[in-house]
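Shown next, in structure tokens, is the structure this report addresses.
Throughout, read-outs are computed from the coordinates displayed, never taken from laboratory work. Since this is a predicted model, take the numbers as computed values, not measurements. Every residue, glycine among them, receives a Cβ derived from its backbone with ideal geometry; neighbour counts consider all protein chains shown.
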Amino acid sequence: MEKKEKVIIKKTQNYHPGEIKSAVVSGLKESDLIDRIRGRITIKPNLVLAHHKVAPSAYTRPEFIDGLLSALEENASGIDTITIAEKTGVGLPTSRVFRHAGYYRLKKKHKIRLLPIEEAKKKRVHLNKSKIHQTITTARDIIHNDFLIYTPKLKSNVLSQGL
């Protein structure tokens, strides 16, 4: 019998890292992923624009990443490195947006590497099933890892013509 994919949605009352950690651990256990998280981990957040006054809801909050990192550190064994890789979409250097988003403060608490994709070593990837583009170029850390975690920010924006 073919295994079906599963989507797990957890609710937290706020952006408290402890609540987020509990929700992440619960989801990892429910999906039997804890034993697969090892080696080189890459986390891909969404940092379109991080500004607490102008765009407070347009990026993956550091509290969420803090809870995720705590869940990984306390429950997964054999993690060698954790890299947070991102490229902003607003024309600012990603390193500056990492700072505005509070991600540099995460480095004081967790053993992580912040990688602006525009500064990363690149890798060309062939897309076998693509109808338009035959290859893409992206950061090596997005391709060469043992486990890739996407942490999108649910939002609307002018690019998606959201309301």
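Calculate the FRET efficiency for Glu5 and Asp146 from the Cβ-Cβ distance with a Förster distance of 25 Å, rounded to the nearest 0.05. Walk me through the intermediate numbers first.
On the way: r = 20 Å, r/R0 = 0.81.
Efficiency, rounded to the nearest 0.05: 0.80.
Please list log₁₀ I(q)/I(0) at q = 0.19, 0.25 Å⁻¹ for the range 81-132, using the Debye equation with identical point scatterers on the alpha-carbon positions.
Log10 I(q)/I(0), no solvent term: -0.72, -0.97.
Filter the chain for me: DSSP H helices, axial length by Cα at least 18 angstrom, mean Kyte-Doolittle hydropathy not below -0.5. List them by residue number. Kindly include the intermediate steps, with their values, before the conclusion.
Values: long enough: 17-30 (19 Å, -0.02); 62-75 (19 Å, 0.01).
The answer, listed by residue number, is 17-30, 62-75.
Any chance you could get the radius of gyration and Dmax over the Cα atoms of the chain, in Å?
16.6, 51
Apply the Karplus curve 6.51 cos²θ - 1.76 cosθ + 1.60, θ = phi - 60°, to the phi angles in the range 140-148 and return the couplings in whole Hz, x for Gly and Pro.
4, 5, 6, 9, 9, 8, 9, 7, 10
Among the listed pairs Lys6/Lys87; Lys21/Lys153; Lys3/Lys153, give every one whose C-alpha distance is greater than 23 Å. Write out the running numbers ahead of the final one.
Details: Lys6/Lys87 28 Å; Lys21/Lys153 17 Å; Lys3/Lys153 28 Å.
The pairs that break the limit, which is 23 Å between Cα atoms, are Lys6/Lys87; Lys3/Lys153.
How large is the direction-averaged shadow of the alpha-carbon convex hull of the range 24-85, in nm²?
4.5 nm²
Amide H neighbours of Arg40 under 5 Å, counting only residues 5+ apart in sequence or on other chains, H built in-plane at 1.01 Å?
Asp80, Thr81, Asp146, Phe147
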